[in-house]
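Chemist: Here's a structure for you.
The values are calculated or read from the model by the stated rules, or taken from the named source; none is laboratory data. Keep in mind that what you see is a predicted model, and the values were worked out from it rather than measured. When we count neighbours, we look across all protein chains shown, and the Cβ atoms used for this are built from the backbone with ideal geometry, even at glycine.
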Amino acid sequence: MLIWLRIAIQSALARRGALLIMVLSTAISVAILLGVFKIRDDTKTSFSNAISGVDLVVGAKGSPTELILYSVFHIGRASNTIPALLEKTLVDFRQVAWVVPVQLGDSYRNYPVVGTSIDFFKRVKAQGRHLQLAQGYALSDPHLFDVVLGHTVAKNTQHRIGEQIAISHGSGSGPKQDHSNSPFRIIGILEANGTPIDNAVFISTNAFDALHDIADGGLQFARLNPDSQASAFFIGLKDRGSVFSVRRQIDSLPNSLMAVMPGVALDELWSSMEIAENALLLIALGVLITTILGITATLLVSLESRRRELAIFRAVGAKPYQLLSLILTEALMVCVVGILLGWTLLQLIILTANDYLRKEWGVVSEPSLPSMNDGLALLYLVLVVLISASIPAMKAYRMALSEGLNPPS
């Protein structure tokens, strides 16, 4: 067996030009296939971690998906708001460690404005990481008209620390919709984290209320009162094991509240994008099938030029089945080397582009060993290659029999 393996290697080296192209095409196809699997899994994980460190999201009763869309992704708007004073009720729960309010409704150049507390920057995480500031500092005094910009907002508007901006009411469209008589000063710019936080503008809840509390022709800070409203609350628990107990307590409150576990809701939302996943897989499989057909075609074409080589093998006593195994061994070597090269290529691409993927696409991806699904896919690939290579192998087998009975002149 080792002798035929050595012969297969020497034969492959003698035709290294053609086989190198086969190996490279196999490697690229494997890298695409494994890359699709990797990006699919990492995108799903990153999507589920668009907001992390938050155990429950509380809002007005309605659709859990809608609550997550407007409170986390800032898509749409809350159909109903909830009294801001409920924050104290939620904090008083024994299992609750902290509560962060979220107020939505205003915008700045079509970017959503989020009214929140100074604890938002300490408690809420993005992709499992604490929020970091690229410049300046986070909100510290809830009674100042300060603003912190997400990375994308600052990048697209070219704003700098210390500049003043005027927030718009609602979408900002229409006449006299901006609060130009109460400008905000930029005190911080967040680092990119690839989540909806990059596309948001953050102010304090007091400043948010003040924009809508007109008194004596001007804007004054609104104190917490029964009229103050919030869009949602982010809640962190002392023990995550109590999440179901706290959710039941919140759902039973007389204020028509609803508590949603963000991870579960995001997984359900992701399931609606299964069509896109399947489309990517079909593209990867198409590339792979093309490569397998290319390997088969190359082996078939090469047989005509190897007729003399096969005749020599027969002349020195090689059996037809040994020539059949020779062709299969060559196909197996091409496949295995292509798989190793493709996996290495993918890891190098991920290592080089992981920071870009996280900041620009919101996908956290790190080099890793093949998963169980990757291993099964590669095993199926090897089997399909061997089955496809059996076509030229059987032709070599018949050719060897023919040459043995009618040796060339």
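Chemist: So how many residues does the stretch 129-157 have that are over 21 Å from Ser107 (Cβ atoms) and among the aromatic types (Phe, Trp, Tyr)?
Modeler: Final tally of qualifying residues: 1.
Chemist: Given the criteria in contact with a Lys or Arg (Cβ under 9 Å, 6 or more places away or on another chain) and not in a loop (DSSP other than H, G, I, E, B), does Ile327 qualify?
Modeler: Yes: the conditions hold for Ile327.
Chemist: Filtering the stretch 87-110 down to residues that are among the hydrophobic types (A, V, I, L, M, F, W, C) and assigned to a strand (DSSP E or B), which residue is surrounded by the fewest Cβ atoms within 10 Å (Cβ to Cβ)?
Modeler: Only one residue tops the list, namely Ala97.
Chemist: Determine, yes or no, whether Thr157 is of a type outside the set (A, V, I, L, M, F, W, C), surrounded by 16 or more Cβ atoms within 10 Å (Cβ to Cβ) and under 28 Å from Ser48 (Cα atoms).
Modeler: So Thr157 fails the test.
Chemist: While we're looking at this one, here's another question. Answer yes if at least one residue in the stretch 85-98 is touching a helix residue (DSSP H, G or I) at 6+ places or on another chain (Cβ under 8 Å) and of a type in the set (S, T, N, Q), and no otherwise.
Modeler: If we filter the stretch 85-98 for residues that are touching a helix residue (DSSP H, G or I) at 6+ places or on another chain (Cβ under 8 Å), which is where we start, we get 90, 93, 95-96, 98.
From what's left, of a type in the set (S, T, N, Q): 95.
Yes - at least one qualifying residue is present in the stretch 85-98.
Chemist: Just the residues that are crowded, with 18+ Cβ neighbours inside 10 Å and farther than 19 Å from Thr26 by Cα, please, taken from the stretch 361-392.
Modeler: Correct list: Gly362, Val363, Val364, Ser365.
Chemist: Further, regarding this structure: Output the residue which, of all residues in the stretch 60-78 that are hydrophobic (A, V, I, L, M, F, W, C) and assigned to a loop (DSSP other than H, G, I, E, B), is farthest from the chain's Cα centre (by Cα). Explain how you work it out, then say what you get.
Modeler: Taking the stretch 60-78 first, the residues hydrophobic (A, V, I, L, M, F, W, C) are 60, 67-69, 72-73, 75, 78.
Pick out the ones that are also assigned to a loop (DSSP other than H, G, I, E, B) and you get 72-73, 75, 78.
Values: Val72: 16, Phe73: 15, Ile75: 19, Ala78: 26 Å.
In this case the residue turns out to be Ala78.
Residue-by-condition table, conditions (1) at pLDDT 75 or above; (2) part of a loop (DSSP other than H, G, I, E, B):
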site: Val364; (1), (2): yes, yes
site: Ser390; (1), (2): yes, no
site: Ala396; (1), (2): no, no
site: Glu403; (1), (2): no, no
site: Ser409; (1), (2): no, yes
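Chemist: Within the bounds of the stretch 253-264, is there any residue that is assigned to a strand (DSSP E or B), closer than 30 Å to Gly162 by Cα and modelled with pLDDT under 90?
Modeler: No; the residues of the stretch 253-264 include none that is assigned to a strand (DSSP E or B), closer than 30 Å to Gly162 by Cα and modelled with pLDDT under 90.
Chemist: For the stretch 338-360, what are the residues that are surrounded by fewer than 16 Cβ atoms within 10 Å (Cβ to Cβ) and more than 27 Å from Ala126 (Cβ to Cβ)?
Modeler: Scanning the stretch 338-360 gives Leu340, Thr344.
Chemist: Still on this structure, I have one more. If we scan the stretch 49-59, do we find a residue that is of a type in the set (Ser, Thr, Tyr), within 25 Å of the chain's Cα centre (by Cα) and either surrounded by fewer than 21 Cβ atoms within 10 Å (Cβ to Cβ) or outside the structural domain of Leu340 (by TED's automatic domain parsing) (or both)? Before you say what the answer is, go through the steps one by one.
Modeler: Taking the stretch 49-59 first, the residues of a type in the set (Ser, Thr, Tyr) are 52.
This time we only want the ones that are within 25 Å of the chain's Cα centre (by Cα), so: 52.
Keeping just the survivors that are either surrounded by fewer than 21 Cβ atoms within 10 Å (Cβ to Cβ) or outside the structural domain of Leu340 (by TED's automatic domain parsing) (or both) gives 52.
Checked against the condition, which is being of a type in the set (Ser, Thr, Tyr), within 25 Å of the chain's Cα centre (by Cα) and either surrounded by fewer than 21 Cβ atoms within 10 Å (Cβ to Cβ) or outside the structural domain of Leu340 (by TED's automatic domain parsing) (or both), the stretch 49-59 yields at least one hit.
Chemist: With (1) at pLDDT 80 or above; (2) within 30 Å of Lys319 (Cβ to Cβ) as the list, and Val72 as the residue in question, which single condition is left unmet?
Modeler: It fails just one condition, (2).
Chemist: How many of the residues making up the stretch 338-365 are free of Cβ contacts under 8 Å to residues at least 60 places away in the same chain and touching a helix residue (DSSP H, G or I) at 6+ places or on another chain (Cβ under 7 Å)?
Modeler: Total meeting the criteria: 0.
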